[in-house]
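The values are calculated or read from the model by the stated rules, or taken from the named source; none is laboratory data. A quick note: this is a predicted structure, and the numbers were derived from the prediction, not measured. All Cβ positions, even for glycine, are placed from backbone atoms using ideal geometry, and neighbour counts span all protein chains on display. In case anyone asks, the SASA skips ligands and DNA or RNA and just uses the protein heavy atoms, side chains included. Shrake-Rupley method; radii C 1.70, N 1.55, O 1.52, S 1.80 Å.
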Amino acid sequence: MLLGLPLFWLSAVSAIGASLPFGEGTWFGSGYRSAAAAETLLRRQTARNKNLLPKKLDPEIRSLSMRAFAIEPTNAETVRMLGLLQVEKAGAASARKTMQLASKISRRDALTSLWLVEDYGRQNNLEEVLKHLDYALRTSGDSRSFLMAALIQGMKQKEMVSPMRKLLVRQPPWEEQFWLSISEADSPLDNALLLRVAEHKDRHPVPTLIDERLLRNLVQTGNFAGAFRLYREVLEPEIANGRRKGDDRRFAQFSTWPPMGWQLASEGTHSAWINPETGELEATLSGQVEAIFARRLVELAPGKYRVSAELAADGEVQESALHIALECAEADTAKAFRTRVTFQNLKATRVVDIPAGGCRYFWFDVNGSPSGRSSSYEAFFRSASIVPSNG
């Protein structure tokens, strides 16, 4: 089955089922009571069978369902039960029309929807799979997390991206839960990225929290190419693609999407923030610690680059306590690369050569070390940049 959904709906019989909806003495009549009794028997028999639908249903289920259908033929649960009985006698192909009829009568029966999810999945009909999974997610209540896990499992298939794009445009009520789930680090992030880019092209809004999680987890899992694609095509294309004018050395010119923009420290021993009025990075350090005040993820093609930074004249710190660094962010040890540049006369600068076939993604860090003069100090960084160099 292309979707890759496990056969979960059978165990949902127990999870979704509730107490009998209609009791003795209600005005609904014996048709609904018979249907409810059949439903209860199905849940009990399924529970005894390790939450899997038995190959052969209790004969009393057939008797109760036929009685219910004779009295109340428009009860969706009864029609669905007859469809399950048809599977047993004549196979899935014969039962399909009955289950489709049950879905037309009411989209609120989660078991009907899930049976059709399975059936259309076997036919590789993803449009219908997602349509009925949507119905199930809207009506399943406490079992929504169970169904969402199955959907995220299915999203491992690239073929799921296009039909999901069409479905999410309708803004189903479970959309935010879906994005929260698929933006997790252990989810199929590649396909989550493809879907997010497609949704952006459709001008379909996604909460900022989702984009933050997706970007963070793409970086965390080492998918730097995906993280830069999200940044350049969705988050801040004007900054990422250089269409916004300004001095790109100034800290304030970079985006608010760390770590593509500056990711600032917030620890007990050190901290940093960007002053919006001056555009400077203001940092403090207390104690004998090594600190990264700020860092940014950068992508560098092979070639020569000038790595530089400048300090403001104010501040209490000795220059020897500060430096900037460029270090390979990739896990491959064969691509290991690190260069450290210290300050002299308020400036730090060095030309570095990025070789072909080496690292492409780097951490650009602004660092502080303990000062020999004092256990604490402040530092004011005016700028930090990496630009192509001809020399």
For the chain, whose charge dipole is built from +1 on Lys and Arg Cβ atoms and -1 on Asp and Glu Cβ atoms, the candidate among 258, 112, 268 with its Cα farthest towards the positive end is 112
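In debye, nearest 20: dipole of the range 265-391 around its Cα centre with unit charges on the Cβ of K, R (+) and D, E (-)? Don't skip to the answer; put the middle values down first.
Working: 12 positive and 16 negative charges, 109 e Å.
With only Lys, Arg, Asp and Glu charged at Cβ, the dipole is about 520 debye.
Taking a ≥ b ≥ c as the square roots of the Cα gyration tensor eigenvalues, with a/c under 1.5 meaning rounded and otherwise prolate when a/b beats b/c, else oblate, which class fits the range 349-389?
Taking the square roots of the gyration eigenvalues as a ≥ b ≥ c, the range 349-389 is prolate.
In the neighborhood of residue 299, defined by Cβ-to-Cβ distances under 12 Å, what is the net charge if each Lys or Arg adds +1 and each Asp or Glu adds -1? Walk me through the intermediate numbers first.
Working: positive: 229, 232, 296, 360; negative: 330.
Result for the local shell: +3.
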Among 32-39, 274-281, 221-228, 362-369, the order from most to least packed when residues are scored by Cβ within 10 Å on average: 32-39, 362-369, 221-228, 274-281
Low-density loop positions, trypsin sites (Lys or Arg not before Pro), the range 293-385 - DSSP coil, at most 16 other Cβ in 10 Å: 373
Surpassing 26 Å at the alpha-carbon level, of the pairs 56/156; 55/97; 131/201; 304/347; 104/166, are 56/156
Rh (Kirkwood, all Cα-Cα pairs) for the chain, Å, reads 25.3
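Which three numbers, in whole Å and largest first, are the semi-axes of the equivalent ellipsoid of the range 322-374 derived from its Cα gyration tensor as √(5λ)?
26, 13, 7
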Taking the 0 to 90 degree range and rounding to the nearest ten, how far is the long axis of helix 126-139 tilted relative to the main principal axis of the chain, both from C-alpha atoms? 80
Once Lys and Arg are counted +1 and Asp and Glu -1 for all other residues with Cβ under 15 Å from that of residue 85, the total becomes +3
Compactness relative to 2.2 N^0.38 Å, alpha carbon Rg of the range 32-148: 1.02
C-alpha long axis of helix 59-71 to longest principal axis of the chain, angle in °: 80
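What shape does the range 183-243 take by its C-alpha gyration tensor, where a ≥ b ≥ c are the square roots of the eigenvalues and a/c under 1.5 counts as rounded, a/b above b/c as prolate, and the rest as oblate? Don't skip to the answer; put the middle values down first.
Numbers: a/c = 1.81, a/b = 1.25, b/c = 1.44.
It is oblate, given that a/c is not under 1.5 and a/b is not larger than b/c.
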Once a ≥ b ≥ c are taken as the square roots of the eigenvalues of the Cα gyration tensor of the range 81-192, is the result rounded (a/c under 1.5), prolate (a/b larger than b/c) or oblate (a/b not larger than b/c)? prolate
Theoretical gain in end-to-end length, residue 156 to residue 312 [0.36 nm per residue, Cα-Cα removed]: 51.2 nm
In deg cm²/dmol, rounded to the nearest 500, the helical mean residue ellipticity at 222 nm of the chain, built from -39500 (n - 2.57) for every DSSP H run of length 4 or more, is -12000 deg cm²/dmol
Tell me the carbon and sulfur percent of the accessible area for the range 127-205, rounded to whole percent, probe radius 1.4 Å. 44
0 to 90° range, to nearest 10: angle between helix 189-201 axis and the chain longest Cα axis: 90
Given charges at beta-carbon only (K, R positive; D, E negative), |dipole| of the chain in Debye: 1540
